[in-house]
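**Student:** My structure is below; once you've seen it, I'll send some questions.
Values quoted throughout were computed directly from the atomic coordinates according to the rules given, and no laboratory measurement underlies them. Not measured: the values here are computed from a predicted model.
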Amino acid sequence: MSATPAIIAITDSSRGTLQRWLEALESLLVLAAPDRVLVMLRDRQLSARERMSLGHHLRALTRRHGQRFSVNDRLDVAVLLDADGVHLSEGSVAASDVRAFAREHGRSFWISRATHQPDEAATLDADAVVLAPIAEPRKGRPPLGAEGLARARGALASRSNELGRCSLYALGGVSAANATAWTRAGADGVALIGALLEPEAPRALVDALGARRSTL
């Protein structure tokens, strides 16, 4: 990637109408500078056919506006959709397996991985760590807040040279209204799901994170 994404927009068609979310997403892709948004295809509840259809649409949208596209966990789908990246859940395969799979298919992927433990950032083999939940409780887990991000940032500073540079993203209750608080606390960017549906969210997000396209 020529630039580190400031915003990871994660699909979830269960939160309002998908068409409304896609409209908000395209506004975000238009407003943001190239490579500053990564769209992640998640939507595990969709059928394989529906997920592929959505993936093709998202791949076309991201290409049209010079943004990035990744797929949650499914390496085969990532190859079929010509994705730029793969996101790994906590229980997913190792990053080394992803790289080996990618090489077999003549590709390379930007790899992000989810974690709920700030200190794991020191040892996770990935290009980016998505730490959650940050702002609000999720699935019985309390919010990690600014303290959790600070711990993760400290853990990243102690990574071995072999693991290389790793970006840090805040997820869970993150919105345009609080995005800058998390970047000040140590995040390189934010990941969000339903927050794109909030009024004026695309414009507010790119302005809050300094990611606006210079020609607009």
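**Student:** Scattering from the C-alpha atoms of the range 47-161 alone, worked out with Debye: what is log10 I(q)/I(0) at q = 0.20, 0.21, 0.22, 0.24 1/Å?
**Tutor:** Here the Debye-derived log intensity ratios amount to -1.09, -1.13, -1.16, -1.23.
**Student:** If each Cα of the range 132-176 is one equal point scatterer, what is log10 of I(q)/I(0) from the Debye formula at q = 0.15 Å⁻¹?
**Tutor:** These q points yield log10 I(q)/I(0) values of -0.44.
**Student:** Let me ask another. Kirkwood Rh and Cα-based Rg: tell me the resulting Rg over Rh for the range 135-214, rounded to two decimals.
**Tutor:** Looking at the range 135-214, the ratio lands at 1.01.
**Student:** Using the Kirkwood radius built from alpha carbon pairs, what does the Stokes-Einstein equation give as D for the chain at 20 °C and 1.002 mPa s, in µm² per second?
**Tutor:** 124
**Student:** Shifting gears a bit: Calculated from DSSP H runs of 4 or more alone, at -39500 (n - 2.57) each and per residue, what is the 222 nm mean residue ellipticity of the chain, nearest 500?
**Tutor:** Helix contribution divided over all residues of the chain: -10000 deg cm²/dmol.
**Student:** What percent do you get for the relative contact order of the range 7-208 when only Cα pairs under 8 Å and 6+ apart count?
**Tutor:** RCO, the range 7-208: 20 percent.
**Student:** What are the ³J(HN,Hα) values, in whole Hz, obtained from phi via the Karplus relation 6.51 cos²θ - 1.76 cosθ + 1.60 with θ = phi - 60°, for each residue of the range 162-175 in sequence order, with x given for Gly and Pro?
**Tutor:** Ordered by residue, 3J(HN,Hα) equals 5, 6, x, 6, 9, 8, 10, 10, 9, 9, x, x, 7, 8 Hz.
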